[in-house]
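Chemist: Before we start, here is the structure in question, set down as structure tokens.
The values are calculated or read from the model by the stated rules, or taken from the named source; none is laboratory data. All of these numbers come straight from a predicted model, not from anything done at the bench. Neighbour counts are summed over all protein chains in view; Cβ atoms, including those assigned to glycine, are modelled from backbone coordinates with ideal geometry.
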Amino acid sequence: NVCLADASRDEARRYLDDLGLGDLAGTRARTLSGGERQRVAVARTLAKQPVVALLDEPTASLDAEAAERVRDLLRASAEQGVAVVVASHDEVILKAADKVLQL
């Protein structure tokens, strides 16, 4: 289910709306596309209000619009004090980062 167990419904809905998935709240995950599932995973992570958000390729396999929404949400979260740590090959997300470590 797309809804979050421990997060408030309003907070969860806000993140889903930010990622273009508000109309899918309450939908079973098995019925979502891969990209929708990926964005739901980002929303679930951030709705838990973490101090550190660790994301592996959060924009991989997303279309340009969906990837931009994810990047915008991650940037907004970082500006609100969340330490956003991303493993990515996305050049746009790398350019937006405060620090980049290459392994």
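Chemist: So which residues in segment 1-30 are over 15 Å from the mean Cα position of the chain (by Cα), of a type in the set (D, E) and modelled with pLDDT of 85 or more?
Modeler: D23
Chemist: Of the conditions (1) assigned to a loop (DSSP other than H, G, I, E, B); (2) of a type in the set (V, I, T); (3) modelled with pLDDT of 95 or more, V86 fails just one. Which one is it?
Modeler: Single failed check for V86: (1).
Chemist: Which ones in segment 47-58 are part of a loop (DSSP other than H, G, I, E, B) and at pLDDT 95 or above?
Modeler: Once the filter is applied, which keeps residues that are part of a loop (DSSP other than H, G, I, E, B) and at pLDDT 95 or above, segment 47-58 yields V51, E57, P58.
Chemist: Another question, if that's okay. Find all pairs meeting these conditions: Cβ atoms under 9 angstrom apart; at least six residues apart or on different chains; first residue within segment 74-93 and at positive phi; second residue surrounded by fewer than 15 Cβ atoms within 10 Å (Cβ to Cβ) and assigned to a loop (DSSP other than H, G, I, E, B).
Modeler: G81/V51
Chemist: Looking at A78, A64, which is the one that is among the small types (G, A, S) and farther than 18 Å from R14 by Cα?
Modeler: Going through A78, A64 in turn, the sole match is A64.
Chemist: With L103, L16, L62 as the choices, which residue is assigned to a loop (DSSP other than H, G, I, E, B), in contact with a Gly (Cβ under 9 Å, 6 or more places away or on another chain) and aliphatic (A, V, I, L, M)?
Modeler: Result: L62 is the single residue among L103, L16, L62 that is assigned to a loop (DSSP other than H, G, I, E, B), in contact with a Gly (Cβ under 9 Å, 6 or more places away or on another chain) and aliphatic (A, V, I, L, M).
Chemist: Among the residues of segment 70-81, what is the count of those that are surrounded by fewer than 18 Cβ atoms within 10 Å (Cβ to Cβ) and either in a helix (DSSP H, G or I) or among the small types (G, A, S) (or both)?
Modeler: Total satisfying the criteria: 6.
Chemist: Separate question: Give me the pairs, please: first residue somewhere in segment 23-41 and in contact (Cβ under 8 Å) with a residue 40 or more places away in the chain and more than 15 Å from A60 (Cβ to Cβ), second residue anywhere and surrounded by 15 or more Cβ atoms within 10 Å (Cβ to Cβ) and among the β-branched types (V, I, T), beta-carbon distance under 8 Å, and either six or more positions apart or on two chains.
Modeler: The qualifying pairs do not exist here.
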